[in-house]
Amino acid sequence: QLEDSGGGLVQAGASLRLSCAASERTFSSYSIGWFRQAPGKEREFVGFIGWRAINTNFADSVKDRFTISRDNDKNTAYLQMNRLKPEDTAIYYCAAKYYRPSSGPEEYDYWGQGTQVTVSS
């Protein structure tokens with residue numbers, strides 16, 4: 001099970017850090033992906049971090065603003081979002097996939113419930 005948290009209402013230019021806590025003891029074997037869904041739009045890839053935390057990848061829209069990290073001792077992954085823009089407003093979801101990461105949401109097996117991020121202009 002995954003539980004994501006940390007969303008909120010912020011002004012443009014602000015930062016937020018989302019957390020994704022897992023109850024699975026084998027968390028270190030899972031890659032973590034972050035996705036978001038804005039009203040009326042399909043769920044889109046934001047970024048991922050591999051199971052060994054060696055590789056990360058991000059959507060072009062967030063590259064250079066967002067980073068992902070993980071603490072396997074705490075079974076938690078983080079999405080650090082800087083210089084937020086109104087177009088970043090969405091529900092953000094973390095997801096877990098065994099071993100190799102992917103940018104495709106259909107490849108993830110476990111999902112958090114989502115956390116709302118709203119960025120005002």
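The values are calculated or read from the model by the stated rules, or taken from the named source; none is laboratory data. None of these values were measured; they are calculated from a predicted model. Here the Cβ positions follow ideal geometry from the backbone for every residue, glycine too, while neighbour counts run over all protein chains shown. Please note that ligands, DNA and RNA were not included when accessible areas were found on the heavy atoms of the full protein model with its side chains. Shrake-Rupley method; radii C 1.70, N 1.55, O 1.52, S 1.80 Å.
When Ile68 is tested against (1) in contact with a Gly (Cβ under 6 Å, 6 or more places away or on another chain); (2) open to solvent by 30 Å² or more (accessible area, probe 1.4 Å); (3) of a type in the set (A, V, I, L, M, F, W, C), only condition (2) is not met.
Give the residues of the stretch 80-100 that are under 21 Å from Thr26 (Cα atoms) and either open to solvent by 50 Å² or more (accessible area, probe 1.4 Å) or in contact with a helix residue (DSSP H, G or I) (Cβ under 9 Å, 6 or more places away or on another chain) (or both), sorted by residue number. Walk me through it before giving the result.
Narrowing the stretch 80-100 to residues under 21 Å from Thr26 (Cα atoms): 93-100.
Hits for the stretch 80-100 are Tyr93, Ala95, Ala96, Lys97, Tyr98, Tyr99, Arg100.
Checked against (1) touching a helix residue (DSSP H, G or I) at 6+ places or on another chain (Cβ under 9 Å); (2) more than 17 Å from Thr115 (Cα to Cα); (3) surrounded by fewer than 18 Cβ atoms within 10 Å (Cβ to Cβ), Val62 passes all but condition (3). Val10 meets all of the listed conditions (1) farther than 19 Å from Tyr110 by Cα; (2) touching a Gly at 6+ places or on another chain (Cβ under 7 Å); (3) among the β-branched types (Val, Ile, Thr) but one, namely (2).
If the Cβ limit is 7 Å and pairs must be 6+ apart or interchain, which residue in the stretch 99-121 that is over 19 Å from Leu18 (Cα atoms) pairs with which residue that is assigned to a helix (DSSP H, G or I) and open to solvent by 50 Å² or more (accessible area, probe 1.4 Å)? Listed pairs, sorted by first residue: Ser121/Pro86.
Does the stretch 9-27 hold any residues that are more than 15 Å from Tyr78 (Cβ to Cβ) and in contact (Cβ under 8 Å) with a residue 24 or more places away in the chain, and which are they? Matches in the stretch 9-27: Leu9, Val10, Gln11, Ala12, Gly13, Ala14, Ser23, Glu24, Arg25. Screening the candidates Ala38, Ala95, Ala53 for the property of being of a type in the set (A, V, I, L, M, F, W, C) and touching a Lys or Arg at 6+ places or on another chain (Cβ under 6 Å) yields one hit, Ala53.
The single condition from (1) open to solvent by less than 80 Å² (accessible area, probe 1.4 Å); (2) out of contact with any strand residue (DSSP E or B) (no Cβ under 6 Å at 6 or more places or on another chain); (3) more than 11 Å from Ser31 (Cα to Cα) that Asn55 fails is (3).
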